[in-house]
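The values are calculated or read from the model by the stated rules, or taken from the named source; none is laboratory data. As the structure is a computational prediction, the values presented were derived from the model and not from experiment. A quick note on method: Cβ atoms are made from the backbone with ideal geometry, for glycine too, and the neighbour counts reach across all protein chains shown. Side chains included, ligands, DNA and RNA excluded: accessible areas come from the protein's heavy atoms. Shrake-Rupley method; radii C 1.70, N 1.55, O 1.52, S 1.80 Å.
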Amino acid sequence: MKITYMLWNQSGVDSEIPKGEAWKWILHLEHEIEIYSIFKNLKQKIDGEKLILVNLQIDQQCSSDEFLSIALESFKEPVTYDDFMPVARVISAHTETDLVLN
């Protein structure tokens, strides 16, 4: 299954993501239970670096109803949707082989 999202540094606070830029993550998950740690890390990153979550998408074709329920329960942050947001960097990760959101 796949989750994609962007993080946008609109606040101007120093961050891994340069001021004014948006970076896109494409995460490929092997196990549905990984969503808890991914969303926990994502929430910490958003809060700690004053980032805005943009265009969160969960590939529902490859996701079970249980996974979607877990995702909705574990992450309740506001999401901005913008089809025209420029992406400065794209990061693709596979959770079995890569660290997600260091």
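The table for this structure:
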quantity	calculated
Rounded if a/c under 1.5, otherwise prolate or oblate - region 1-63, Cα gyration tensor axes	prolate
Proximal lysines relative to LYS50, as straight alpha-carbon distance under 18 Å, when same-chain residues fewer than 8 apart are discounted	LYS19, LYS24, LYS40, LYS76
Distance between modelled label sites at GLU32 and ASP47, nm, 7 Å Cα→Cβ extension	2.7 nm
Most to least accessible of PHE39, PHE84 (protein chains only, probe 1.4 Å)	PHE84, PHE39
Pairwise label distance in nanometres, LYS76 with LYS19, each label 7 Å out on the Cα-Cβ vector	3.4 nm
Pair SER69, MET85: separation of 7 Å Cα→Cβ label points (nm)	2.9 nm
Loop sites in region 2-39: trypsin sites (Lys or Arg not before Pro), DSSP, at most 15 other Cβ within 10 Å	LYS19
